[in-house]
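Structure first, then comments.
The values are calculated or read from the model by the stated rules, or taken from the named source; none is laboratory data. Please read these numbers as outputs of a predicted model, since none were measured by experiment. Neighbour counts run over all protein chains shown; Cβ positions are idealised from the backbone, glycine included. Just the protein is used for accessible areas: all its heavy atoms, side chains included, with ligands, DNA and RNA removed. Shrake-Rupley method; radii C 1.70, N 1.55, O 1.52, S 1.80 Å.
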Amino acid sequence: MSVKDKVILIIAEQGLLDVADVSLSATLEDLGIDSLGVVESIFAIEEEFDIEVPFNANAPEESEFDISSVATIISAVETLVAEQT
Amino acid sequence: MNRVVITGAGTINALGATVPETLQAMREGRLGIGPLHMRDLDRLSVKIGAQIKDFDPEIYFDRQKLALYDRVTQLTLMASREAMGQSGLEITDELSESTGVVLGTAAGGMNTWDDNFRSVYEDGKNRVHPFVVPKLMNNAAASHLSMAYNIKGPSLTVSTACASSNHAIGLAFQMVRSGMVQVMLAGGADAMLTFGGMKAWEGLRVMSKTACRPFSANRSGMVQGEGAGIFVLETYEGAKARGAEILAELVGFAMTSDAGDIVMPNQQGAVRAMRGALRDARLDPQDIGYINAHGTGTAANDKTECAAVQEAFGSHAQNVMMSSTKSMHGHLIGGTGAVELLVCLMALRDGVIAPTIGFEHPDPNCALDVVPNVARQAKVTATLSNAFAFGGMNAVLALRAV
């Protein structure tokens, strides 16, 4: 399974959605994932890929990890996986 | 109903081992936060905290006692010695059954949990010290306090995360006010600066790696501290009759629940708690000169708390001073409300308002007088102390100068 598919699966699980309903342009908010859900998704991503994700819930917009859409998350995870593994 | 006054105060925290040391540090706007000293520090991503340094329990407690005293109990007993010493109160056999203890703690004997989990899981040992249970239980500190001072009335521990101390002091206040007891020792403590404790907090991603900057636009989260604060509460008549020095009068207390989110604060819950404390105290918003903010330095808390103060205080919100001393002593979790009540005592007694240090850039969402960086002289006759906990449990205390 690709990084993209794994990230979508994690987000779908978090939002209690079908994988098919997770569009790349959606924000986490669109998918019904709140701030606690964001933190839990990032934890799941760290565990899945064995990476460290730089993210501070106090200032998500200032974190290096861009969570503004599903697509930006996938791209950020791909970068981290390439850097850290 | 009895009037309830504070006649003794004690503390130990990262700013000082006594109340005078702590208040002096606050006047100077001194930072108690620094690099953590802890086993396996290299495995932490957050490496700062407001740790108590230079505290050697073996100087104060013998070996048999230490076998039963977790760090949280040690800190509680240190603070209570100072508070009882200042009050000059002797708990006679006659008074004993009309005296109680209410303490607040979020994590209780966390160091004992941590050390013994290591023993059995990491080191593979099959045996732990026989006193692990009585050492780690959340009511251990309150129990040792009752034994130390011959207190035979109602004693208990409350646990409401970051509001634990305010709930404890508020309940003790109500017990003295109602006439259930004559004297209460009240306050709280936490000592969560352990490897496991830090890992748990790291997980939430609300911890700053650099500094606690409440109300500052460039805030980056909370910083954990440790310590204890203990107060002697008694009736006004009792204190007067024995000629005790009265530090302040506790006049109001309110607690509310958000019934909302397990971690996100709620403006209405905070507003209702502040208004409730004012109503209980029969004070108007205009009477309050200073608010000790919950002020954790997280985006969620600071914005919600400032909006709540705006709503509860209306036009007076612009006149009231509000600071967060967590910028100096860190977040003592269950012990924080007790140490922060000292800030209110200093405002009422000495006319010194402790600052919010680490303040760099104003945040339009926190457009209040947050007493940035430098302490201020001001005459204040009544104060509020806020605590808004995870779990949406809020507790606000109101104090008045006597």
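Scanning region B:294-304 turns up one or more residues that are more than 25 Å from residue B:108 (Cβ to Cβ), of a type in the set (A, V, I, L, M, F, W, C) and open to solvent by 10 Å² or more (accessible area, probe 1.4 Å). Per the listing A:65, A:55, A:43, the residue uniquely assigned to a helix (DSSP H, G or I), aromatic (Phe, Trp, Tyr) and out of contact with any His (no Cβ under 7 Å at 6 or more places or on another chain) is A:43.
Yes/no matrix, rows are residues, columns are (1) in a helix (DSSP H, G or I); (2) open to solvent by 20 Å² or more (accessible area, probe 1.4 Å); (3) touching a residue at least 24 places away in the same chain (Cβ under 8 Å):
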{"residue": "B:12", "(1), (2), (3)": "no, no, yes"}
{"residue": "B:24", "(1), (2), (3)": "yes, yes, no"}
{"residue": "B:30", "(1), (2), (3)": "no, yes, yes"}
{"residue": "B:39", "(1), (2), (3)": "no, yes, yes"}
{"residue": "B:58", "(1), (2), (3)": "yes, yes, no"}
{"residue": "B:68", "(1), (2), (3)": "no, yes, yes"}
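Might you check whether a residue that is closer than 25 Å to residue B:53 by Cα, among the hydrophobic types (A, V, I, L, M, F, W, C) and touching a Ser or Thr at 6+ places or on another chain (Cβ under 7 Å) occurs anywhere in region B:346-357? Checked against the condition, which is being closer than 25 Å to residue B:53 by Cα, among the hydrophobic types (A, V, I, L, M, F, W, C) and touching a Ser or Thr at 6+ places or on another chain (Cβ under 7 Å), region B:346-357 yields at least one hit. Selection of region B:41-56 for residues being in a loop (DSSP other than H, G, I, E, B) and within 14 Å of chain A (Cβ to nearest Cβ) yields B:44, B:45, B:46. Once region A:45-67 is narrowed to residues that are more than 12 Å from chain B (Cβ to nearest Cβ) and at negative phi, the residue that is most open to solvent (accessible area, probe 1.4 Å) is A:64. Quick one: is residue A:19 at pLDDT 95 or above and open to solvent by 30 Å² or more (accessible area, probe 1.4 Å)? So residue A:19 fits the description; yes. Condition first: more than 10 Å from chain A (Cβ to nearest Cβ), buried (at least 24 other Cβ atoms within 10 Å of the Cβ) and farther than 15 Å from residue B:370 by Cα. Now tell me which residues in region B:209-233 satisfy that. Listed by number, the residues that qualify are B:223, B:224, B:225, B:226, B:227, B:228, B:229, B:230, B:231, B:232, B:233. Among the residues that make up region B:248-263, is at least one of them open to solvent by 20 Å² or more (accessible area, probe 1.4 Å), within 14 Å of another protein chain (Cβ to nearest Cβ) and of a type in the set (A, V, I, L, M)? Yes: region B:248-263 contains one or more residues that are open to solvent by 20 Å² or more (accessible area, probe 1.4 Å), within 14 Å of another protein chain (Cβ to nearest Cβ) and of a type in the set (A, V, I, L, M). Across region A:13-39, what is the number of residues that are part of a helix (DSSP H, G or I) and within 20 Å of residue A:79 (Cα to Cα)? Qualifying residue count for the region: 2. So is residue B:87 touching a helix residue (DSSP H, G or I) at 6+ places or on another chain (Cβ under 7 Å), under 24 Å from residue B:139 (Cβ atoms) and assigned by TED's automatic domain parsing to the domain that holds residue B:152 or not? Here the answer is no, as residue B:87 does not meet what is asked.
When you check residue B:75 against the structure, is it outside the structural domain of residue B:339 (by TED's automatic domain parsing) and open to solvent by less than 10 Å² (accessible area, probe 1.4 Å), yes or no? Judged against the criteria, residue B:75 is a match.
Residues in region B:234-273 that are under 22 Å from residue B:1 (Cα atoms) and either in contact with a strand residue (DSSP E or B) (Cβ under 6 Å, 6 or more places away or on another chain) or aromatic (Phe, Trp, Tyr) (or both): how many?
Matching residues across region B:234-273 total 15.
Find the residue count for region B:279-318, including only residues that are farther than 27 Å from residue B:209 by Cα and of a type in the set (Lys, Arg). So the count comes out to 2.
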